[in-house]
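One structure follows; several queries about it will come next.
No lab work stands behind these numbers, since they all come straight from the coordinates. All values derive from a computational prediction rather than experimental measurement. Virtual Cβ from ideal backbone geometry, glycine too; neighbours counted across all protein chains shown.
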């Protein structure tokens with residue numbers, strides 16, 4: 001089991017931290033977008049391929065939105081997704097646990 005966890009954390013350590021939030025959003029979209037297997041996968045590939053061009057545009061667009069729309073959109077998104085709440089708790093718990101394991105493995109490598 002220890003080897004499996006070490007392999008898992010070594011793979012996670014290769015993912016840049018700036019990609020954690022987009023990955024979470026992409027996983028969430030699989031539950032709400034029609035024909036999500038095609039559309040979300042294609043959108044994810046395009047996002048990561050053109051990340052340097054897309055992320056500044058998204059940042060500028062979200063800064064222009066009024067606060068009530070940004071926060072209200074988050075609340076509506078949560079309400080739509082409430083039936084998957086247990087999945088999200090499990091996913092978030094896995095993310096925190098994984099982050100902790102990656103940090104532990106990095107500390108071990110530094111100590112060695």
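Set the Förster radius R0 to 22 Å, insert the Cβ-Cβ distance between residue 10 and residue 96 as r into 1/(1 + (r/R0)^6), and round the FRET efficiency to 0.05.
Step by step, r from the Cβ atoms, then E = 0.75.
Also, quick follow-up: According to a simple spin-label model (label point 7 Å from Cα along Cα-to-Cβ), what is the distance in nm between residue 103 and residue 45?
Here the modelled spin labels are 3.6 nm apart.
With a ≥ b ≥ c the root eigenvalues of the C-alpha gyration tensor of the range 1-56, is it rounded (a/c under 1.5), prolate (a/b larger than b/c) or oblate?
Cα axes put the range 1-56 in the oblate bin.
Which of the three applies to the range 43-104, rounded, prolate or oblate, going by the alpha-carbon gyration tensor with a ≥ b ≥ c and a/c under 1.5 meaning rounded? Write out the running numbers ahead of the final one.
Details: a/c = 2.10, a/b = 1.19, b/c = 1.76.
Oblate is the answer for the range 43-104, as a/c is 1.5 or above yet b/c matches or exceeds a/b.
Still on this structure, please answer the following. Full extension from residue 17 to residue 55: what is 0.36 nm times the residue separation minus their Cα-Cα distance, to one decimal in nm? Could you put the intermediate results ahead of the total?
Details: separation 38, 0.36 × 38 = 13.68 nm, distance 1.45 nm.
Length gained between residue 17 and residue 55: 12.2 nm.
While we're looking at this one, here's another question. Would you kindly calculate the mean projected area, averaged across all directions, of the convex hull enclosing the Cα atoms of the range 2-111, in square nanometres?
Details: hull surface 36.4 nm².
The number I arrive at for the range 2-111 is 9.1 nm².
For the chain, what does the helix formula give at 222 nm: sum of -39500 (n - 2.57) over DSSP H segments with n ≥ 4, over the residue count, nearest 500 deg cm²/dmol?
Working: 6 runs with 91 residues, N = 112.
When only DSSP H runs of four or more count, the value is -26500 deg cm²/dmol.
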